[in-house]
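Asker: Following this message is one structure expressed as structure tokens.
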Amino acid sequence: MHDATRLPRLRSLFGAGVLAALLLGSLAPLPAAAGDFPAQDTRYHNYAEMVADIMAVEAAHPDIVKILSIGKSYEGRDIWMARISDNAAVDQPEKPGILFDALHHAREHLSLEQALYTLHMLADGYATDPVVKAVVDGREIFIIFAVNPDGAEYDLRCTGSSHPPYCAWRKNRQPNGGSRYSGTDINRNYGYHWACCGGSSGNPASITYHGRSAFSTPEAQVVRDFVNSRVINGRQQITAHVTFHTNGQLVLWPYGYTKADVPYDMTVADHRAFVAMGKAMAARNGYRAEQSSDLYITDGDEIDWLYGVHRIFSFTWELYPPETATVWGDFYPPDRVIATQTARNRAALLYLLDVGGCPWRAIGLTKTNCGPLYDDLEINRGWQVNPDGNDTATSGGWELAKPQGYTYDGVPMQLGTTVSGSKDFVTGALYKGSPNANDLDGGQTTIRSAPVTVWAAPGDLTFYFYLAHGASSSRRDAFRAFVENASGVRTQVFAQIWSAKVFPARWTQARIPMTPWAGQTVRLVFTATDGGPDSLLEAGLDDIRIERP
């Protein structure tokens, strides 16, 4: 990462012309030859040495380590990833996924060493360390070693630098059409609140240039495509993530784009879990824990995208050293510190690998949020509207959206507040000027979940709902819940049915035992029906769980 407040200090150290050449991308491109570290830093790994090391680990531990290329950089280098699990040869999406990545920024070479340390810690310790064995057996772990291999190699073969071969290069090596300045800051190129908030630059000369559009860099596209591929049956398999950066010795959580602790796109429970996990990791490695934007505003960065789009509990670790007086001190610590400064993170890594399987454990919500299903409906985790194609509602069908609340004769009919976060399933989210303009009319609307595997000893199904209606309602107006088995047979497990009277909207929790479906793969189905004469009718649904027993 980079703090823009450093620029005046750097100008005084280098002079404006040298600073522009070193940091703002005007050095002329060189052929894409291999770079190397100088004699005093040979314990760092260049790209070829990294590849040799990770391939050797796979050869030594083929049962638990699989090395894969997940795509190419701008200059055509493979972006390598390790998959680590008790049977690494096969995909195991039923296990929580934990993702690590490194070297978004070219000059942050210690971040690659941290990724390699993590690989060796897990692979070499599996046979002898029961704590390591437990996390490897219980997780599917992914390590992307060098998101920006082109930039890292270029940083080892610069000319015109006062610290050859280093040139403090940060960005990738992608040309910017119409500009003499090369490179995009990959960690400002992700597609959540991209270029929104003054946390990046639209100037190709800047070290925080965000690119011509979100995901305009091939490297950010590779990360995006891999993470998207881990959406299995509508749900993201990866539950937690750490991206390694330098420097400052910090543990950072989202968001970077806003100073708000709990903005509209984060739940209170998630914020509490971020804070608890961040502080727990910092207590183990001696770093400082804080929200990313407490350091400075960023937009289009990776952790915001991973949480905002996928609800992955994503952290940035800013590694050793603490802040120094120069860019050279910040990003080029001597190689003699590699072993101690990567090993100091062992306990924090193991904590993340353990608790990251269900981050709400950090705040005591294991029973409610760590079962086979927890869906706060802040993103769509595989729900289908009108799954059978035979819904009869003519308006006001189910929508996953931020609802607009309204009242009718002083009675709340549609709630503008959700149980958690800002979204729920609601029948006609918008209030279009009158109570009857967008309520449920004409029949039934249906939603169905993605498949859920119920545990052999299941907890209860719980959800929050409301069904509100006016005085002209009838007993054919209803909210119902069903469990659908693998054969498509639906069993009604809950119903709310009303006669002709006014009933206000208020969130109520329902609880249903799941014992009849122990060990089965099922879907949940919810319907709302305006089945009688046209009447004012609204329904809402939020926070759906199958609890841990």
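The values are calculated or read from the model by the stated rules, or taken from the named source; none is laboratory data. In this text, all values refer to a predicted model and were calculated from it rather than measured experimentally. Cβ coordinates were reconstructed from backbone atoms using ideal geometry, including for glycine residues, and neighbour counts include every protein chain displayed. Note: accessible area is taken over every heavy atom of the protein model, side chains too, but ligands, DNA and RNA are not part of it. Shrake-Rupley method; radii C 1.70, N 1.55, O 1.52, S 1.80 Å.
Asker: Compute the distance from the alpha-carbon center of the range 86-100 to that of the range 380-457, in whole Å.
Answerer: When both Cα centres are located, 35 Å separates them.
Asker: At Thr491 and Val268, where each label point lies 7 Å from the Cα along Cα→Cβ, what is the point-to-point distance in nanometres?
Answerer: It works out to 3.5 nm between the two label points.
Asker: Taking the DSSP beta bridges in the chain as the whole, what percent of them are antiparallel, to the nearest 5?
Answerer: Bridges in the chain that DSSP calls antiparallel: roughly 75 percent.
Asker: I've got another one for you. Based on the Cβ-Cβ distance of Thr366 and Asp129, what FRET efficiency does E = 1/(1 + (r/R0)^6) give at R0 = 22 Å, to the nearest 0.05?
Answerer: 0.35
Asker: Moving on. With an 8 Å cut-off on Cα pairs and a minimum separation of 6 or more residues, tell me the relative contact order of the range 297-394 in percent.
Answerer: So the answer I get is 17 percent.
Asker: Please work out how much accessible surface Cys197 shows to a 1.4 Å probe, ignoring ligands, DNA and RNA, in Å² rounded to 10.
Answerer: So the heavy atoms of Cys197 present about 60 Å² to solvent.
Asker: Next question, about the same structure. Using only the Cα atoms of the range 409-549, what do you get for the radius of gyration and for Dmax, in Å?
Answerer: Rg then Dmax for the range 409-549, in Å: 15.8, 49.
Asker: Could you please tell me the mean projected area of the C-alpha convex hull for the range 360-405, averaged over all directions and given in square nanometres to one decimal?
Answerer: 5.3
Asker: Normalising by the residue count of the chain, find the relative contact order in percent from Cα pairs under 8 Å and 6+ residues apart. Display every interim value, and only then the final one.
Answerer: Details: 1343 pairs, mean separation 69.2, N = 549.
Reported as a whole number, the value is 13 percent.
Asker: Ok, one more. Beyond 14 Å, what percent of the Cα pairs of the range 112-158 remain?
Answerer: In whole percent, the share of Cα-Cα pairs in the range 112-158 beyond 14 Å is 59.
Asker: Suppose the chain between Thr453 and Asp534 were pulled fully straight at 0.36 nm per residue; how much longer would it get relative to their current alpha carbon spacing? Don't skip to the answer; put the middle values down first.
Answerer: Values: separation 81, 0.36 × 81 = 29.16 nm, distance 3.89 nm.
That pair, Thr453 and Asp534, stretches by 25.3 nm at full extension.
Asker: Another question about this same structure. Just need the Rg to Rh number for the range 248-368, please, alpha carbons only, Kirkwood Rh.
Answerer: Rounded to two decimals, Rg/Rh equals 0.99.
Asker: To continue, here is another question. Could you give the length gained by full extension between Ala500 and Ala260, i.e. 0.36 nm per residue of separation minus their alpha carbon distance, to one decimal place?
Answerer: On the way: separation 240, 0.36 × 240 = 86.40 nm, distance 4.48 nm.
Gain on extension, Ala500 to Ala260, equals 81.9 nm.
Asker: Run the numbers for Asn386 and Ala59: contour at 0.36 nm per residue of separation, minus the present Cα-Cα distance, in nm.
Answerer: 112.7 nm
Asker: To continue, here is another question. Rg and Dmax in Å for the range 193-240, alpha carbons only: what are they?
Answerer: For the range 193-240, the Cα-based Rg and Dmax read 13.9, 43 Å.
Asker: Further question: Largest first, how would Arg480, Arg511, Arg107 line up by accessible area (1.4 Å probe)?
Answerer: Reading off the accessible areas and sorting them downward yields Arg511, Arg480, Arg107.
Asker: Place a point 7 Å from Cα of Val231 in the direction of its Cβ. Which residues in the range 100-122 have their backbone N less than 14 Å from it?
Answerer: none
Asker: Sticking with this structure for a sec: Give me the net charge of Arg212's neighbourhood, meaning all other residues with Cβ under 14 Å from the Cβ of Arg212; Lys, Arg count +1, Asp, Glu -1.
Answerer: Computed value for this residue: +1.
Asker: Next question. Could you let me know the centre-to-centre spacing of the range 160-188 and the range 214-244, using Cα atoms, in angstrom?
Answerer: 25
Asker: Using a 1.4 Å probe and ignoring any ligands, DNA or RNA, find the accessible area of Lys423 and quote it in Å² to the nearest 10.
Answerer: Its heavy atoms expose roughly 80 Å² to the probe.
Asker: For Arg288, Arg77, Arg523, Arg180, what's the largest-to-smallest order of accessible area, 1.4 Å probe?
Answerer: Arg180, Arg288, Arg523, Arg77
Asker: Given C-alpha coordinates of the range 150-203, what is the ratio Rg to Rh with the Kirkwood estimate of Rh? Before the final figure, lay out the partial values.
Answerer: On the way: Rg = 13.1 Å, Rh = 12.6 Å.
Rounded to two decimals, Rg over Rh is 1.04.
Asker: For the range 384-466, compute Rg over Rh where Rg is the Cα radius of gyration and Rh is the Kirkwood radius from the inverse mean 1/r over Cα pairs. Kindly include the intermediate steps, with their values, before the conclusion.
Answerer: On the way: Rg = 15.0 Å, Rh = 14.5 Å.
With Rg and the Kirkwood Rh in hand, the quotient comes to 1.04.
Asker: Could you size up the charge dipole of the chain around its Cα centre, putting +1 on the beta carbon of Lys and Arg and -1 on that of Asp and Glu, and report it in debye to the nearest 20?
Answerer: With only Lys, Arg, Asp and Glu charged at Cβ, the dipole is about 440 debye.
Asker: Quick check on the chain: helices-only [θ] at 222 nm, where DSSP H runs of length 4 and up contribute -39,500 (n - 2.57) each and the sum goes over total residues. Nearest 500, please.
Answerer: That calculation yields -7000 deg cm²/dmol at 222 nm.
Asker: Also, I was wondering about something else. Report the per residue volume, in Å³, of the convex hull enclosing the C-alpha atoms of the range 236-280. Spell out each step's value before the answer.
Answerer: Numbers: hull volume 4.9 nm³, N = 45.
It comes to 110 Å³ per residue, whole-number rounded.
Asker: Considering only DSSP states other than H, G, I, E and B, which GluC sites (Glu not before Pro) in the range 107-174 qualify as loop sites with at most 15 other Cβ atoms within 10 Å?
Answerer: Of the GluC sites (Glu not before Pro), not one in the loops of the range 107-174 has a Cβ with at most 15 other Cβ atoms within 10 Å.
Asker: Shifting gears a bit: At 1.4 Å probe size, put Glu49, Glu290, Glu219 in order of accessible surface, largest to smallest.
Answerer: Of Glu49, Glu290, Glu219, the descending order of accessible area is Glu49, Glu290, Glu219.
Asker: Then there is this: Enumerate the whole-percent occupancy of each 5 Å bin, from 0 to the last occupied one, for all C-alpha pair distances of the range 393-441.
Answerer: 5, 23, 33, 24, 12, 3
Asker: So, one more: Sorted from largest down, give the three principal axis spans of the alpha carbons of the chain, whole angstrom values.
Answerer: Extents along the principal axes, in whole Å: 84, 53, 38.
Asker: Can you send over the solvent-accessible area of Glu75, 1.4 Å probe, protein chains only, in Å² to the nearest 10?
Answerer: 60
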